[in-house]
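The values are calculated or read from the model by the stated rules, or taken from the named source; none is laboratory data. Here the structure is a predicted model, which is why all the values come from computation and not from measurement. Counting neighbours? That spans all protein chains shown, and the Cβs are built from the backbone with ideal geometry, glycine included.
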Amino acid sequence: MTIDVHTHVVPKGWPDLEAACGGTGWPWLKVESEREAIIMIRDTEFRRIDSSCWDPSVRLADMDLDGIERQVVSPTPVFFGYDRTPAQAVALSRIFNDLTLEVTAGNDRFVPFCQVPLQDPAAACAELDRSMANGHVGVEIGNHVGDQDLDSAGIVEFLQHCAAVGAPVFVHPWDMPEGPRLDRWMARWLTGMPAETHLSALALILGGVLDQVPETLRLCFAHGGGSFPYWLGRADNAWQQRGDVVRGRSTRPPSAYTDRVYVDSVVFSEPALRLLVDTMGEERVVVGSDYPYPLGERPAGNVVRTASFLTSPQRDKILSANARRFLFG
């Protein structure tokens, strides 16, 4: 059984967000046909999508083609709404969380993850509880809220609540830096996403979060942990050589914390996967695909299945056993 922990959903037919949530400038869906649509932000095209984003029958057919038994279905980060007022973000989260349950209803091959108004810790905890009571299994969060990273007091409060209620947390990069050097060749996605994930992994460690939250917290970083696994040796060296400014609130060097987080496998090549397994450990890598977006891996899990360096027990761990532990404890 292969479990894909990294896929996204865009429900079709959400209400007018300005009327439902207040405020202006919300994303909206420009429907071009039964199978094609465009996510719009004001009058600007954000992303073209198709029915694989909202039609469970299409998703299930693709899962069968790729050999995926179960699939975590998470929000698309453009809908997080972290820049909105807490009341607007609560309304937004409720709309998309309920619509996600409609997409995934009636089929236990789907594992729905909710979103929360992370800018308001109390509201985020309340929406997580509501969503899990309604059928969500875990939560996807962005890697930061404005200038607040994963070590900010409010986000730590939310992570502690996730540990208390047994909710797995999937951390996805979003809201990458912009500018002339990054606005070509999809450079925001090719360089900004790995850098954002790396920065937030460091914040989790050097900010002392993993020394504060219980070890029962189950947390996974998207996209192979970004550039963090590749530069872990550099982080350790800096922690040792410049502890006066680098150590922050951490009690151990960064490499001592790799057994506290999971990373997905969507790194696209066998050498990169080998580095990931060598660095993070065979117990901490799970299959992810970024389905159904074009920068994702298809067939999902292909690099794990074909990697020549993995033993059969290692492959079984990465394809399913590790994900079951991440999702269900």
Open item on the list: Tell me yes or no: at least one residue of region 11-30 is surrounded by 15 or more Cβ atoms within 10 Å (Cβ to Cβ), without any contact (Cβ under 8 Å) to a residue 60 or more places away in the chain and over 24 Å from Leu118 (Cβ atoms).
Closed with: yes
Task: Residue ID - nearest to Met186 (Cα to Cα), chosen from residues in region 284-305 that are surrounded by fewer than 16 Cβ atoms within 10 Å (Cβ to Cβ) and in contact with a Phe, Trp or Tyr (Cβ under 9 Å, 6 or more places away or on another chain) - done: Leu295
TODO: Counting only residues that are closer than 19 Å to Leu92 by Cα and over 23 Å from the mean Cα position of the chain (by Cα), give me the strands (runs of 3 or more DSSP E) lying completely in region 7-54 with at least 1 of them.
DONE: 27-31
Open item on the list: Can you find, within region 213-238, the residue that is surrounded by the fewest Cβ atoms within 10 Å (Cβ to Cβ) among those that are in contact (Cβ under 8 Å) with a residue 24 or more places away in the chain and in a helix (DSSP H, G or I)?
Closed with: Ala235
- [ ] Inspect all residues belonging to region 169-189 and state whether any of them is surrounded by 14 or more Cβ atoms within 10 Å (Cβ to Cβ), free of Cβ contacts under 8 Å to residues at least 12 places away in the same chain and assigned to a helix (DSSP H, G or I).
- [x] yes
- [ ] Would you check if there is a residue in region 52-74 being out of contact with any His (no Cβ under 6 Å at 6 or more places or on another chain), under 21 Å from Val111 (Cα atoms), modelled with pLDDT under 95 and not small (Gly, Ala, Ser)?
- [x] no
Task: Among (1) touching a helix residue (DSSP H, G or I) at 6+ places or on another chain (Cβ under 8 Å); (2) surrounded by fewer than 16 Cβ atoms within 10 Å (Cβ to Cβ); (3) within 29 Å of Arg48 (Cα to Cα), the one test that Val263 misses - done: (2)
